[in-house]
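> This is the structure, below, for whatever I ask next.
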Amino acid sequence: LRRVVTDHASDPLARGALLHLARLLKDLARPDEARCAYRLYLGRHPVAPHLAGDVEKALARLGPGPACDSLTPR
């Protein structure tokens with residue numbers, strides 16, 4: 001999923017892959033990386049209001065964390 005998101009960002013499948021990656025990282029107890037994936041999603045797809053609310057809620061549940069450099073926490 002990470003490869004699809006980074007190497008094929010313009011592919012329509014990358015949008016879904018990014019959300020799946022965020023959820024998997026959260027489930028794997030890697031909240032900083034999940035937070036970065038959710039933030040990247042919102043940065044790439046700000047005009048997706050039907051999902052933006054869900055993504056923002058997921059971010060809020062993760063709480064604050066470090067800044068991100070794409071998918072990598074700093």
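> Output the residues belonging to region 6-17 that are open to solvent by less than 60 Å² (accessible area, probe 1.4 Å), in a helix (DSSP H, G or I) and modelled with pLDDT under 95.
Of everything in region 6-17, those that are open to solvent by less than 60 Å² (accessible area, probe 1.4 Å), in a helix (DSSP H, G or I) and modelled with pLDDT under 95 turn out to be A14, G16.
> Now for a different question. For G43, are the conditions met, namely being under 10 Å from the mean Cα position of the chain (by Cα) and open to solvent by 30 Å² or more (accessible area, probe 1.4 Å)?
Here the answer is yes, as G43 does meet what is asked.
> Filter region 22-74 down to residues that are part of a helix (DSSP H, G or I) and either of a type in the set (V, I, T) or on the phi > 0 side of the Ramachandran plot (or both), then give me how many there are.
Here the count works out to 1.
The values are calculated or read from the model by the stated rules, or taken from the named source; none is laboratory data. Computed from a prediction, not measured in an experiment: that's the story for all the values here. Side chains included, ligands, DNA and RNA excluded: accessible areas come from the protein's heavy atoms. Shrake-Rupley method; radii C 1.70, N 1.55, O 1.52, S 1.80 Å.
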